[in-house]
Amino acid sequence: MLKQLTIQNYVLVEHLDIDFSDGLTTITGESGAGKSILLGALSLLLGERARSDTVRPGANKADISAEFTLSSNALLQQKLVDDELIEADTQDCLLRRVISAEGRSRAFINGVPVTLNYLKEVGDALVEIQGQNEHQRLTDRSVQRALLDDYAKQGGQSEKVAACYQTWQRTEQRINELREQVATQDDRRELLNYQLQEFDAASLQNGELEDLEREQKRLAQAQDILLTLNQAHAELEALDHLRSTARSIAEIDDQHPQLQSSQDTLLSALSLLDDASRDLRHYQDQVVIDPQALQDTEARLQLIYDLARKHRVQPEQLVEHAQSLAAELDNMSSASNDLAELEAVQEQQHEAFLQEAQKLSKARRKHAKPFCSAVDKYIHALGISQGALSLVFHEQQNEHGLEQVELHVTTNEKFAPGPLGRIASGGEQTRIGLAIQIVAAANSALPCLVLDEADVGVGGTTADTVGRILRDLAAHTQVLCVTHAPQVAALGHSHMRVSKDGDHTNIEPLSDKDRIEELARMLAGADVNTKARTYAKELLSQATAG
């Protein structure tokens, strides 16, 4: 619901603050007074393209803002909460548009800058403006489908169908990704199998490289090592003179500390030399001259080095690299298994979608004729005596079910029905749109409806019918109607008058007394008389009684 509109420096308006109430608000005024300014300001606020000539002459910018209540639009409220533009417990929303004298534009929601497209998306959910050539919302097939679903009380089923479809499509998308992945992995899988066969044949072991390099070094220098060891053994065995000297010193009978220390050191040195000689003998036993063993060791090392160069890793990283290749191959096999499992799940999900969508489709087709018949009654009452509405179902699987729904109308029985936007004239579209919305209003969450001369081309009884339909519609959603018909104006729950004072346009709510004068002016023109005032009072009395 639109609660308040503020217009500053827009065209001929210097400043206007307008408060709106729920129900039906009628807006009247003499031709040229500026009623279109209100609609133009609202259109700009809701995302229409801005022009520099919309700024009041002499001002540097136009500033338009409006406060809305979201109480009847839970989906929009949740969207704004998700986008962090309002708090979860907030139902008020402030839209603002600023246009500079150079034509630049900025948009805000609750003080937060937003794109023009975002402002338009939010605005479309809050307000629908219908002029002679502005019926975009009702010509949108998604809106037409939603109205039928609401009329058939299938909103919950429609949400269930959408959820099933989205689940099915997410799985379908994952399947396509896996199929592409598996398809591109065939060459890679063949290469991995070949490489792993090489590693299996090599039978590499952790720590093997270090052991082989030590063994190769020992075998390669075995002859030199043995020669050195033999020389060392010869030197160590030629220590008899030193041993005799040590015994002689040990036999000196003196307790002098330095002598005792020398004796101990000599004994230790000889003991260490004996230990070294024994260790060298044991080591010598391990050193053999074996050309075949050397050849085998060097061949094994060459195999490891060749594998490392081939796979572009360090030799000591080969075992770990082989493990990573094996893991990659396992994951490929897992992807193939996942694909088979997902294809089975996807088939079940598609079947679940079809079952729910068929229920929805059945309900739509069942309620299509009653919906059209109910709308036809209002179309006829609004003066289109040969008008008729029909629903056309186009087969199409999507998140909304098994078909796309399209409203077709005819205004003359001699002509075949066609889409609403192509068949009916501007005035007829307005009245047909009213008929559709009054039927849908009981079950649909409609936006605030702004009508520009919905009564154009009608008068008398039909104008009264238009007014009463608008009044009935206003029981479900806020309606603002610019009108030249006193029968319509009298049926408003509130009444505003647009007037022009020099270069300034004003919009003001009317008291009961002023309302009678305005209705009398609409009835009699400039020559307002007692008879016109009496008739104006009668119109208001009939509206209240109705």
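Applying 1/(1 + (r/R0)^6) with R0 = 35 Å to the Cβ-Cβ distance of F393 and Q348, what FRET efficiency is obtained, to the nearest 0.05? With a Förster radius of 35 Å, E is 0.85.
Between region 6-64 and region 157-221, the C-alpha centres lie 66 angstrom from each other.
Report the one residue of Q130, T28, S100 whose Cα lies farthest in the direction of the positive end of the charge dipole of the chain (charges on C-beta: Lys and Arg +1, Asp and Glu -1; origin at the Cα centre). Towards the positive end, the residue furthest out is T28. Taking the alpha-carbon centroid of each part, what is the distance from region 350-367 to region 470-546 in angstrom? Their Cα centres are 48 Å away from one another.
The stretch between A250 and R179, if pulled fully straight at 0.36 nm per residue, gains 16.4 nm over its current Cα-Cα span. Computed over the alpha carbons of region 49-135, Rg followed by Dmax gives 14.4, 42 Å. The string of couplings for region 344-354 from the Karplus curve (6.51, -1.76, 1.60, θ = phi - 60°) is 5, 5, 4, 5, 5, 5, 5, 5, 5, 4, 4 Hz, one whole number per residue in order, with x for Gly and Pro.
Beta bridges assigned by DSSP with both partners in the chain are antiparallel in approximately 75 percent of cases. Going by a ≥ b ≥ c, the root eigenvalues of the Cα gyration tensor, does region 180-335 fall in the rounded group (a/c under 1.5), the prolate group (a/b larger than b/c) or the oblate group? Verdict is prolate for region 180-335. About its Cα centre, the dipole of region 180-335 is roughly 220 debye, where the only charges are +1 on Lys and Arg Cβ and -1 on Asp and Glu Cβ. My understanding is that a pair violates if its Cα-Cα distance is over 22 Å; which of K79/K160; K153/K359; K366/K414; K79/K362 do that in this structure? Violating the 22 Å limit, Cα to Cα: K366/K414; K79/K362.
3J(HN,Hα) along region 307-323: 4, 5, 5, 4, 9, 6, 9, 5, x, 6, 9, 5, 4, 5, 5, 4, 5 Hz, from the Karplus curve 6.51 cos²θ - 1.76 cosθ + 1.60 with θ = phi - 60°, whole Hz, x for Gly and Pro. In plain terms, if you count all Cα to Cα distances in region 434-505 and split them into 5 Å steps from zero, the share in each step is 3, 16, 27, 21, 16, 8, 5, 2, 1, 0 percent. A Förster distance of 25 Å, applied to the separation of the beta-carbon atoms of E213 and L280, puts the FRET efficiency at 0.60. Across the options A220, P113, S43, the greatest Cα extent toward the positive end of the charge dipole of the chain (unit charges at beta carbon of Lys, Arg, Asp, Glu) belongs to S43. The gain in end-to-end length when the N60 to Q323 segment is fully stretched comes to 87.5 nm, 0.36 nm per residue minus the alpha carbon separation.
Cross-link partners for K537 among the lysines, with Cα-Cα distance under 20 Å and sequence neighbours closer than 8 places in the same chain left out: K513. Taking a straight line from the alpha carbon of K377, these lysines sit under 18 Å away, with near neighbours fewer than eight places off in the same chain left out: K369. The stretch between H241 and S541, if pulled fully straight at 0.36 nm per residue, gains 93.2 nm over its current Cα-Cα span.
Look at the alpha carbon pairs under 8 Å that are at least 6 residues apart: their mean separation over the length of the chain gives a relative contact order of 23 percent.
Counting neighbouring beta carbons within 10 Å and listing from fewest to most, the residues Y151, Y10 come out as Y151, Y10. Using the alpha carbons alone, the radius of gyration of region 179-247 stands to its Kirkwood radius in an Rg to Rh ratio of 1.57. Helical runs (DSSP H, four residues minimum) scored at -39500 (n - 2.57) apiece and divided by the length of the chain put the mean residue ellipticity at 222 nm at -19500 deg cm²/dmol. Label sites at D512 and A234, each approximated as a point 7 angstrom past Cα along Cα to Cβ, lie 14.1 nm apart. In region 9-53, the alpha-carbon atoms span a convex hull of 98 Å³ per residue.
Each label was represented as a point 7 Å from its Cα along the Cα-to-Cβ direction; for S385 and N443 these points are 3.2 nm apart.
Placing a pseudo-label 7 Å from each Cα along the Cα-to-Cβ vector at E30 and L259 gives an inter-label distance of 14.9 nm. According to the Cα-based calculation, Rg over Rh for region 291-423 is 1.62, with Rh computed by the Kirkwood formula. From the largest down, the chain spans 160, 60, 40 angstrom on the principal axes of its Cα atoms. Ellipsoid semi-axes for region 375-518, based on the Cα gyration tensor and the rule √(5λ), read 33, 18, 14 Å when sorted largest first. A Förster radius of 22 Å combined with the Cβ-Cβ distance from E84 to T167 puts the calculated FRET efficiency at roughly 0.20.
For the chain, the dipole from Cβ point charges (+1 on Lys and Arg, -1 on Asp and Glu) about the Cα centre works out to 4740 debye, to the nearest 20. Using θ = phi - 60° in the Karplus curve 6.51 cos²θ - 1.76 cosθ + 1.60, the 3J(HN,Hα) couplings for region 261-278 round to 5, 5, 4, 4, 5, 4, 4, 5, 4, 5, 5, 5, 5, 5, 5, 5, 5, 5 Hz; x is entered for Gly and Pro.
Quick note: the coordinates plus some simple rules give every number you see, no bench work behind them. Note that the structure is predicted; figures quoted are calculated from it, not measured. Heads up, the Cβs are rebuilt from the backbone with ideal geometry, glycines too, and the neighbour counts pull from every protein chain shown.
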